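> Below you'll find the structure I mean.
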Amino acid sequence: MELGIYSFAETPLDPDTGRQVGAPERVLHLLEEMELADQVGLDVFGVGEHHRPDYAVSSPAVVLAAAAARTRRIRLTSAVSVLSSDDPVRVFQDFALLDLISEGRAEIMAGRGSFTESFPLFGQDLADYDEIFRDKLQLLLKLREEESVDWPGTRHRPAIHRRGVYPRPVQDPIPIWLAVGGTPNSVARAAHLGLPMALAIIGGIPVRFAPLVDGYRTLAAQAGHDPASLPVGINVHGFVAEDGDEARELAFPAFASTMDRIGRERGWPPTTRARFEAECGPDGPHFVGSPDEVTEKILRLHRVFRHDRMLIQLTVGPLPHGKVLRAIELLGQEVAPAVREGTTEARAG
């Protein structure tokens with residue numbers, strides 16, 4: 001199983017200094033995190049797209065291209081590209097160019113996003129939320145399949161009449177994952193199209209999502225796709241430190257700060273320490289603890305989902321940069337080898 005990291009490049013208050021981390025500093029820290037993740041042997045690094053003051057990256061492809069020049073092996077993906085409010089031609093071109101720069105390590109994780117700021121910014125109507133995504137995803141897939149594209153157009157995107165789209169990526173086809181937040185319709189879409197599925201589990205009891213993964217594989221087979229050829233990824237929140245208590249002590253204020261900030265916008269109740277501790281437990285959604293604790297929890301989840309990739313968001317909130325770098329080292333040097341060994345044995349068995 002592949003193990004990696006994703007980040008939203010948050011710009012919150014730094015707990016060490018009490019000041020807000022600016023976008024220039026946060027982006028440099030992010031590049032350092034990506035370079036270290038490559039050095040310690042992690043498989044994937046993903047960067048999210050946001051259009052808010054509390055996140056620094058509005059164009060994942062730009063940051064990933066900078067990272068491509070500083071890394072050698074790690075795969076580089078958006079997490080996610082908000083396809084509904086972007087143009088599929090530009091998304092394809094940006095990631096094709098990233099694929100050239102990285103020598104075939106680029107991926108697109110397409111999604112609708114969990115925030116809505118980009119819709120009015122780019123002139124989209126939220127009332128057309130699902131229809132826009134459906135139309136633009138169809139065009140993105142057509143761009144991947146055909147060098148010269150003939151597209152009839154929709155009310156959300158003008159027609160394209162036999163136009164070539166360049167550059168073409170190194171990978172043929174360049175991987176396109178569909179990001180899913182847990183809705184059955186999104187799962188069915190990924191299955192019908194034969195796209196790898198990245199399932200976000202950031203709340204609730206993870207095993208309760210098992211029917212969605214089982215349903216994805218069943219529907220994919222019914223649509224004529226081989227489920228064994230369609231990877232499943234799980235995206236979660238987590239943090240790692242040498243000691244489990246230290247990891248939870250570091251992570252709680254960061255998690256609470258971020259989730260409460262977003263919760264005030266969405267009507268969520270405040271985060272309590274008791275709830276956080278429960279969610280870090282064996283059956284909870286947070287992968288926070290020592291390397292051994294996080295490894296065992298990942299392997300336990302793999303026994304349920306048999307997934308192919310797992311991405312952990314380490315910087316859910318304002319964590320000291322040095323502690324984040326140490327978490328990346330532990331994830332790559334201790335957790336990842338143990339997970340690979342455990343999942344290889346499980347598949348062989």
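Values in this text are rule-based calculations from the coordinates and carry no lab data. Because the structure is a prediction, the values reported are computed rather than measured. We place every Cβ from the backbone using ideal geometry, glycine too, and count neighbours over all the protein chains shown.
> How long is the gain from residue 274 to residue 125 if the chain were fully straight, where each residue apart is worth 0.36 nm and the alpha carbon distance is subtracted?
Taking residue 274 through residue 125 to full extension adds about 49.7 nm, to one decimal.
> Further question on the same structure: From the C-alpha gyration tensor of the stretch 167-229, pull out the three semi-axes of the equivalent ellipsoid (sqrt of 5λ each), sorted largest to smallest, in whole Å.
After diagonalising the Cα gyration tensor, the semi-axes are 23, 15, 9 Å.
> So what's the Cα pair-distance distribution over the stretch 2-348, bin width 10 Å, in %?
All Cα pairs considered, the percentages come to 5, 25, 36, 25, 8, 1.
> Return one number: the angle in degrees, 0 to 90 and rounded to the nearest 10, between the long axis of the Cα atoms of helix 23-39 and the longest principal axis of the Cα atoms of the chain.
It works out to around 80 degrees.
> Determine, from the Cβ-Cβ distance of residue 229 and residue 40 and an R0 of 41 Å, the FRET efficiency 1/(1 + (r/R0)^6), rounded to the nearest 0.05.
It comes out at approximately 0.90.
> About the Cα centre of the chain, how large is the charge dipole given +1 on each Lys and Arg Cβ and -1 on each Asp and Glu Cβ? Please answer in debye to the nearest 20.
In total the dipole reaches around 860 debye.
> If contacts are Cα pairs under 8 angstrom and at least 6 residues apart, what is the relative contact order of the stretch 154-264 in percent?
22
> Which three semi-axes in whole Å describe the equivalent ellipsoid of the stretch 31-159, each the square root of 5 times a Cα gyration tensor eigenvalue, listed largest first?
27, 18, 10
> Now a separate question. Among all the aspartates and glutamates, which ones have a C-alpha under 15 Å from residue 142's C-alpha, if same-chain residues fewer than 8 places away are not counted?
Counting by Cα, and skipping residues close in sequence, residue 142 has these aspartates and glutamates nearby: 87, 150, 172.
> So, one more: Rounded to whole Å and sorted largest first, list the principal axis extents of the Cα atoms in the stretch 89-217.
Each principal axis gives a Cα extent; for the stretch 89-217 these are 46, 36, 25 Å.
> Where does helix 244-266 land angle-wise versus the long Cα axis of the chain, in degrees 0 to 90, nearest 10?
That works out to roughly 50 degrees.
> Which order do peptides 63-70, 260-267, 75-82 fall in by mean Cβ count within 10 Å, highest first?
Going from most to least packed, we get 75-82, 63-70, 260-267.
> Classify the stretch 191-286 as rounded, prolate or oblate, taking a ≥ b ≥ c as the square roots of the eigenvalues of its Cα gyration tensor: rounded when a/c is under 1.5, otherwise prolate if a/b is larger than b/c and oblate if not.
prolate
> Sticking with the crude label model, points 7 Å out along Cα→Cβ, report the distance from residue 163 to residue 192 in nm, one decimal please.
In this crude spin-label approximation the distance works out to 2.7 nm.
> Once you place label points 7 Å from the Cα toward the Cβ at residue 221 and residue 146, how far apart are they in nm?
Placing both labels 7 Å along Cα→Cβ, they lie 3.3 nm apart.
> Hey, another quick one. Please state the shape class of the stretch 257-331: rounded when a/c is under 1.5, otherwise prolate if a/b exceeds b/c and oblate if not, all from the C-alpha gyration tensor.
oblate
> Now for a different question. Which of 184, 5, 206 sits closest to the plus end of the dipole of the chain, meaning its Cα is farthest towards the positive end, when Lys and Arg get +1 and Asp and Glu get -1 on the C-beta?
Among 184, 5, 206, the one farthest towards the positive end of the dipole of the chain is 184.
> By its C-alpha gyration tensor, with a ≥ b ≥ c as the square roots of the eigenvalues, how is the stretch 66-122 shaped: rounded for a/c under 1.5, else prolate for a/b larger than b/c, else oblate?
prolate
> Relative contact order of the chain: what whole-number percent is it, with Cα pairs under 8 angstrom and at least 6 residues apart?
Once normalised by length, the contact order is 19 percent.
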